[in-house]
Amino acid sequence: MKRPIVRRTQAQDIPELIALQARVYPSIPPWSQRKLREQLDVFPQGQIVAENEDGLVGCASSLIVLWDDWAESHSWKEITGSGTFDNHNPEGRTLYGAEVFVDPAMRGLGVGHLLYEGRRSLCRAMNLKRIIACGRLPGYHEHAADMSVEFYAQKVVWGDLHDPVLSFQLKEDFSYCGVVEDYLPEDHESCGHASIIAWLNPDYDPERPTTIPEEIPL
Ligand SMILES: CC(C)(COP(=O)(O)OP(=O)(O)OC[C@H]1O[C@@H](n2cnc3c(N)ncnc32)[C@H](O)[C@@H]1OP(=O)(O)O)[C@@H](O)C(=O)NCCC(=O)NCCS
């Protein structure tokens, strides 16, 4: 099997992307064609997919935000404009990770790592200060009767529990910054909660503005 590549999402990927998302989250309705088109219209450089010889195997969607507007409190719906990305603000300094997923049949093979590398390339190319995301905690429902979501996330950070998403993100050099309750109520595996994670761009130059090149090598 050839190593997947990461590239910018194209409008013609949309039907395949919706089918992939439906396989990833069988109990959550996938994005509509219209929302995916809006995301591409608003911020085409921020939408990337992973592809191998059989087709799409993953996706990472991002927008730029003025983090101070959202830092104290936000839900997934609020910050992403219910998935339309109409809060995208090219004046911002923060790349916000709205979604990342990999085909269930392709997990644990480094596709998620390639997508995260792609996001870090976007962040560097645009001279953004950081990537922030609110990550799912899909292992939490198995422990929710025994501990708070904060304690669960701490145990993952300490290495005493493994979470399919947070453990991966920590390995990707993101820092755990706390829990957001009721971030995505329909995410039953995470009991609706998420962890805030951040990665600081070591190349960020505060003297230079955010620049959004038409083409960004991934
Ligand atoms: C989170 C997610 C994107 C990770 O994608 P992935 O392709 O499995 O990620 P990777 O393969 O790069 O890394 C996953 C694990 O495999 C390991 N791995 C990667 N390549 C490997 C290889 N060649 N051999 C052995 N292990 C490998 C990684 O070290 C990592 O281990 P960890 O779970 O202990 O951290 C994926 O699990 C997913 O789509 N989940 C469902 C959707 C979701 O919840 N998304 C998050 C939204 S916030």
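The values are calculated or read from the model by the stated rules, or taken from the named source; none is laboratory data. These figures come from a predicted structure and were not determined experimentally. Every residue, glycine as well, gets a Cβ built from its backbone with ideal geometry; the counts of neighbours run over all protein chains shown.
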> Which of (1) without any contact (Cβ under 8 Å) to a residue 40 or more places away in the chain; (2) touching a Leu at 6+ places or on another chain (Cβ under 9 Å) is the odd one out, the single condition Gln45 does not satisfy?
Replying inline: (1)
> How many of the residues in the range 49-89 are in a loop (DSSP other than H, G, I, E, B), small (Gly, Ala, Ser), within 16 Å of the ligand (Cβ to nearest atom) and closer than 30 Å to Pro4 by Cα?
Replying inline: 1
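So that you can scan it fast, the table gives a plain yes or no per residue for (1) at pLDDT below 95; (2) touching a His at 6+ places or on another chain (Cβ under 9 Å); (3) more than 21 Å from Leu63 (Cβ to Cβ):
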| residue | (1), (2), (3) |
| --- | --- |
| Glu172 | no, yes, no |
| Cys177 | no, no, no |
| Glu189 | no, yes, yes |
| Thr210 | yes, no, no |
> So is Leu200 of a type outside the set (Ser, Thr, Tyr) and surrounded by 17 or more Cβ atoms within 10 Å (Cβ to Cβ) or not?
Replying inline: no
> Within the range 148-160, which residues are within 27 Å of Arg120 (Cα to Cα) and not in a helix (DSSP H, G or I)?
Replying inline: Gly159
>> Here's a check for you: in the range 122-140, which residue that is within 13 Å of the ligand (Cβ to nearest atom) and not in a loop (DSSP other than H, G, I, E, B) is nearest to Arg8 (Cα to Cα)?
In response: Ile131
>> All but one of (1) surrounded by fewer than 18 Cβ atoms within 10 Å (Cβ to Cβ); (2) within 9 Å of the ligand (Cβ to nearest atom); (3) part of a loop (DSSP other than H, G, I, E, B) hold for Asp163; state the number of the condition that does not hold.
In response: (1)
> In the range 98-113, how many are more than 7 Å from the ligand (Cβ to nearest atom) and either within 13 Å of the chain's Cα centre (by Cα) or hydrophobic (A, V, I, L, M, F, W, C) (or both)?
Replying inline: 2
